[in-house]
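Some notes on the structure that comes next.
The values are calculated or read from the model by the stated rules, or taken from the named source; none is laboratory data. Since we're looking at a predicted model, the values are computed, not measured. Cβ coordinates were reconstructed from backbone atoms using ideal geometry, including for glycine residues, and neighbour counts include every protein chain displayed.
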Amino acid sequence: MAAPASTLTIDLVARFPGIVTAETRPNFAGFIVEKDALVEVATAIRDEFGFDLLTAVTGVDYHPENKMEVVYHAYKTTGGPGLVFRVQVPRVDPVEVPSLIEVYPSADLQEREAWDLLGIKFTGHPDLRRILMWEGYEGHPLRKDWQEPFYEEDFKPFKSRWPDGKHVSAEDKTPLKDNLKFPQDFDPEKWIPDEADKLLYSSLERYTVKSEDGMSTDRIVVNMGPQHPSTHGVFRAAITLDGETIAGLKPVVGYLHRNHDKIGERNTYLQNMPFTDRLDYFNSMSNNLGYAIAVEKLMKIQVAERAEYIRVIMAELSRVQNHLVFVGMLLNDLGAMYTPALYAFEERELILDIFEEVSGARMMCNYLRFGGVVRDIQPTAMQKIKNLVFDRLQAKTDEMERFLSENEVLVSRLKGVRVVDAETAIKFGVTGPVLRAAGVPYDLRRADPYSVYDRFDFDVCTRQNGDMMDNYLIRIDEIRQSLRILEQAIKQIPEGPINSQKPAYQVRVPAGEAYGRIESPKGELAFYLVSNGKPNPWRYHVRPASFVNITCLEQMCIGTKIADFVALLGMLDIVMGELDR
Amino acid sequence: MDNEKLSLPQYDIPDDIQNAVAITTLDRLYNWGRRSSVWPLMFGLACCAIEMIAAQASRYDMARFGMEVMRPTPRQADLMLVSGTVTKKMVPALVRLYNQMPEPKYVVAMGACASGGGPFKEGYNVVAGIDKFLPVDVYIPGCPPTPQALIAGMIKLQEKIDKESIRKVSWYNKKNKGDANYVPVPILGPDLIDPRRNAEIKSTYAAKATQESA
C-alpha cells in the first residue's frame with residue numbers, strides 16, 4: 001500500500017510566510033495555519049492550489065497539552081494526494097475558529113458536528129446548532145474531560161470485565177441506576193423542553209417572505225420523519241413548503257447517534273473492528289476495509305498478497321449487493337412497493353450466504369484484520385463466488401435493466417428531474433455515485449488507489465446529466481464494473497498466507513495520525529485516527545459518506561416538488577448507521 | 001394453532017355436517033384470528049431493520065405467519081418491532097408511537113440493542129433497552145438476529161397470544177378506559193428526563209448537593 005502521499009510538494013509556507021508553518025510532529029503531515037488567516041489560506045488552497053474538495057473537517061481535543069485542533073482534509077477532484085491543514089487554538093472556552101462555510105460549503109454539517117461533540121465554536125457559521133445531540137444537552141461529549149454516565153475507565157479493557165467474580169454492572173455505579181447524568185440541583189419539573197424545535201424552525205424562518213404588494217403567502221413547515229417509511233431509517237427533514245414546492249429544508253439527524261467516536265476512543269484498535277461493521281450496515285466489509293487501511297497506514301505494515309485480493313472480492317461483492325438494494329429501495333420510494341425490492345433481496349441473500357460462509361455472520365462480518373483477513377476463503381465458498389459472478393449476477397443485472405431502464409413509468413418519473421450539477425456537488429462535498437452521475441470522474445479506486453485496485457482493469461463510470469435517471473443508471477453501470485473487477489480478482493488471486501502479522505489481541509500502533517479512505521458504495525468513507533502510542537486511539541473519527549452527502553440535500557431539493565423529495569433522498573442512498581454514527 | 005386444535009373434539013358433530021360445522025370456544029377463535037394477522041409497524045431503527053426486511057423477503061417470507069402487512073401508521077399496527085438501537089433522542093418519538101397504537105398491542109425487542117443496549121450500551125446517547133419505557137413481550141437475541149431468529153421470536157409472540165383469554169384481556173376491561181398502557185413521553189433535557197422519575201431525579205441531585213456542601 002502506498003504511504004500517505006507527501007503533501008510537502010506544495011509549499012504553503014513560502015506562500016504564506018509567518019502565517020503557515022509546516023507540521024513538525026513525527027508521523028503528522030500537513031500545515032498549521034494561524035487561526036485569523038484561516039479563511040484567506042483556505043481560499044488560496046482552493047483557488048490557487050486547486051484543492052476543490054474539502055472532504056473532512058474534524059476536531060481533536062489535546063487535553064494534556066491544553067489545546068484544541070481542527071483538522072481539514074482537502075483533495076483535488078482530478079485525483080492525487082490530499083492536503084492536510086489544521087488550526088490550533090488554546091483550550092479555553094469559548095474555543096473559537098473561523099468557519100470555512102463560505103469557502104467550502106461542505107464544511108457546514110461537519111462544523112456543526114464539531115461544535116456539538118467538541119464544543120468548538122465556528123465564528124461566522126450561519127446556523128451553528130447542535131446536530132447529533134439535541135439542543136439543551138449538557139456538555140460536549142467528545143472532550144476528553146467529559147465523562148459519560150456509564151464511565152468506568154479511560155481505556156478498555158475495563159478491569160471490571162475481568163472474570164474475578166467481582167463483576168459490577170454499569171447501572172449500579174450511577175446514582176439513578178441508569179444511563180443518565182444531570183447537572184447539580186436539576187429540577188426536571190422546571191425544564192422547558194421546546195427550545196430545540198424553536199431554534200430549528202427559526203433557522204427556516206428566512207424563507208417566510210412577504211410579497212411586495214403586502215400579500216403574505218402562507219408557508220408551512222412539514223416534518224418528515226424520524227418515523228417515515230421512505231426516509232431510510234430515522235432521518236428527519238424539516239421542510240418549508242410553498243404550496244407543493246420546497247422552499248427550504250433542514251435535515252435533522254442524530255436519531256441513531258450511537259456514540260461511535262466516544263466508544264471508539266475507549267476501545268483498543270482491534271475492538272473497533274466489529275463496531276465499524278455497524279456503521280453502514282449494508283456494507284460491513286467495506287467499512288472493515290476503510291478502518292483496516294487507516295490503521296495499517298499508522299502501523300506502516302504490508303498486507304498479505306492473498307488477503308488483498310480477498311478484500312477486493314469482498315468489497316466489490318458488497319458494492320454489488322448495495323447497488324442492487326439501492327435500485328430496489330428506490331423503486332419502493334417511487335411507489336412500486338416491494339416487488340423490485342424482492343428481486344434485489346434475492347441476490348442479496350446469495351451474497352450474504354458467501355459472507356456468512358467466510359466470516360461466520362451474514363451482516364456484521366468483522367472479517368478483516370490489520371495485515372490481512374481473519375480466515376481464508378474455503379474452496380466451497382470460492383466456488384459459490386465463482387458461480388455467482390460468472391453465471392448469475394451478470395444475467396440478473398441485465399434482467400433488472402430489462403425490466404426497469406426502459407420502463408415508461410420509471411423513465412417519465414426519473415428523466416430530467418435534476419439531482420445536482422457537478423459544480424454544486426463538488427462545493428458541497430458530495431462523493432460517490434451521485435458525484436459521478438453529475439459528470440465528475442472521481443472514484444477513489446482510481447483517483448487515490450488503495451489496496452490492489454491499481455492492478456485491475458475497470459472503467460470509472462460517469463454520466464453527464466446528473467438527473468435522477470443518470471443516478472439510477474450509474475448504479476447499474478457500477479454493478480457491471482464491479483463484476484469486471486471480481487472476475488479479474490477471482491482469476492488472479494494467489495495462494496499464500498492470509499495475514500502478514502501474527503494474530504494478536506492488541507496491536508502496537510506508533511504515535512501519529514492517519515487518514516484512511518476508500519470508495520465505499522455510498523461515497524468516500526474515511527477514518528481519521530490519531531495515536532499517541534497507547535493501545536487505544538486518542539482520536540477516532542469516521543468521515544461517513546452519507547453524512548457529508550446530505551449537506552447538499554437542501555440545494556438539491558429547493559424548487560422541486562415535495563413528492564420528489566423522497567426520490568431525491570433515495571438517490572443519495574443514505575444509511576442512518578453511518579450518517580449518525 | 002392449527003385448525004384441528006381449533007375445534008373441540010368432545011362434542012359429537014353429526015357425520016353429514018362435519019365439513020360445515022366446527023365447534024370451538026370464543027377464546028380460541030378470537031386468538032386464532034389475532035395471532036394470524038399481527039400487523040407490524042413499518043418502522044426501522046438500525047441494522048436490525050435490514051434483517052427485518054430480509055425476513056419479509058422471499059426466502060424467509062413472514063407472510064406465512066400473517067405478518068407481512070407492514071403498516072406505516074401506528075393507528076393500524078398491532079406490533080411494534082423495535083429493530084435496533086434506541087437512542088435518547090429517538091425515544092420520545094418511539095413512546096409517542098406506542099401511545100398512538102390501538103389496543104391490543106405488543107412490543108418485540110429485536111436484537112441486543114433494543115433488549116439491553118447491546119454493544120453500544122456505554123454510549124451517552126443510548127437507552128439501555130427499550131424495556132425501560134415500554135412493556136416488552138418478546139426479546140430476540142442476536143446482533144442482529146438472523147431472519148430465522150426473528151421468525152422464532154414471532155412464533156413465541158403467537159404462543160403468547162394463544163394463551164390470552166377474552167375475559168381477562170386489559171383492553172376490554174372497563175376500569176382501564178383505554179389508557180391502561182399509556183406511557184408518559186420522555187423529555188429531552190440536559191439528559192433524557194423520564195417524567196415518571198421526576199421526584200427521584202430531583203431528590204438524587206439535590207441530596208448530592210447538600211452532602212457536598214456539608
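Which strands (runs of 3 or more DSSP E) does the stretch A:1-98 wholly contain that include 2 or more residues that are in contact (Cβ under 8 Å) with a residue 12 or more places away in the chain and buried (at least 18 other Cβ atoms within 10 Å of the Cβ)? Because the criterion is at least 2 residues that are in contact (Cβ under 8 Å) with a residue 12 or more places away in the chain and buried (at least 18 other Cβ atoms within 10 Å of the Cβ), the strands (runs of 3 or more DSSP E) in the stretch A:1-98 that meet it are A:31-33, A:53-62, A:67-75, A:83-90, A:95-98. Quick check on my filter: what residues within the stretch A:191-239 are within 11 Å of chain B (Cβ to nearest Cβ), modelled with pLDDT of 80 or more and surrounded by fewer than 18 Cβ atoms within 10 Å (Cβ to Cβ)? Answer for the stretch A:191-239, where residues must be within 11 Å of chain B (Cβ to nearest Cβ), modelled with pLDDT of 80 or more and surrounded by fewer than 18 Cβ atoms within 10 Å (Cβ to Cβ): just A:Asn223. Scan the stretch A:251-268 and give yes if some residue there is out of contact with any helix residue (DSSP H, G or I) (no Cβ under 6 Å at 6 or more places or on another chain), more than 30 Å from A:Leu334 (Cα to Cα) and away from chain B (no Cβ under 14 Å), otherwise no. Scanning the stretch A:251-268 turns up at least one residue that is out of contact with any helix residue (DSSP H, G or I) (no Cβ under 6 Å at 6 or more places or on another chain), more than 30 Å from A:Leu334 (Cα to Cα) and away from chain B (no Cβ under 14 Å). Keeping to the stretch A:375-417, report how many residues are touching a strand residue (DSSP E or B) at 6+ places or on another chain (Cβ under 8 Å) and either modelled with pLDDT of 90 or more or of a type in the set (D, E, K, R) (or both). Residues meeting the conditions: 1.
Among residues of the stretch B:120-142 that are under 20 Å from B:Leu192 (Cα atoms), those with a beta-carbon under 6 Å from a residue that is among the acidic types (Asp, Glu) and surrounded by fewer than 24 Cβ atoms within 10 Å (Cβ to Cβ) at least six positions away or on a different chain give the pairs B:Tyr124/A:Glu148. Only one of the numbered conditions (1) assigned to a loop (DSSP other than H, G, I, E, B); (2) modelled with pLDDT of 80 or more; (3) out of contact with any strand residue (DSSP E or B) (no Cβ under 8 Å at 6 or more places or on another chain); (4) within 14 Å of chain B (Cβ to nearest Cβ) is violated by A:Asp116, and that is (1).
Name the helices (runs of 4 or more DSSP H) wholly within the stretch A:214-322 that hold at least 3 residues that are under 29 Å from A:Ser482 (Cβ atoms)?
Values: elements: A:260-266, A:272-277, A:284-299.
Per the criteria, A:272-277, A:284-299.
Reported count of residues in the stretch A:338-375, each being more than 21 Å from A:Val325 (Cα to Cα) and facing chain B (nearest Cβ under 8 Å), is 0. Of all residues in the stretch B:118-129, those satisfying the criterion of being of a type in the set (A, V, I, L, M, F, W, C), under 17 Å from A:Lys177 (Cβ atoms) and not in a strand (DSSP E or B) are B:Val127, B:Ala128.
Only one residue in B:Gln56, B:Gln76 is more than 11 Å from every other protein chain (Cβ to nearest Cβ) and over 12 Å from the mean Cα position of the chain (by Cα). Which one?
Details: B:Gln56 fails: more than 11 Å from every other protein chain (Cβ to nearest Cβ).
Being more than 11 Å from every other protein chain (Cβ to nearest Cβ) and over 12 Å from the mean Cα position of the chain (by Cα) holds for just one of B:Gln56, B:Gln76, which is B:Gln76.
Could you please let me know if A:Gln184 is surrounded by 11 or more Cβ atoms within 10 Å (Cβ to Cβ), modelled with pLDDT of 75 or more and within 14 Å of chain B (Cβ to nearest Cβ)? No, not satisfied.
Checking each residue of the stretch B:51-69 against the condition of being of a type in the set (Gly, Ala, Ser), in contact with a Gly (Cβ under 8 Å, 6 or more places away or on another chain) and not in a helix (DSSP H, G or I) gives no match.
For the stretch B:87-117, a residue qualifies if it is among the basic types (Lys, Arg) and either in a loop (DSSP other than H, G, I, E, B) or within 16 Å of B:Lys156 (Cβ to Cβ) (or both), and the qualifying residues are B:Lys88, B:Lys89, B:Lys105.
If I ask for residues that are outside any loop (DSSP other than H, G, I, E, B) and more than 9 Å from chain B (Cβ to nearest Cβ), which ones from the stretch A:167-181 would you list? It would help to see each step written out before you state the result.
At the first step, the residues of the stretch A:167-181 found to be outside any loop (DSSP other than H, G, I, E, B) are A:170-173.
Of everything in the stretch A:167-181, those that are outside any loop (DSSP other than H, G, I, E, B) and more than 9 Å from chain B (Cβ to nearest Cβ) turn out to be A:Asp172, A:Lys173.
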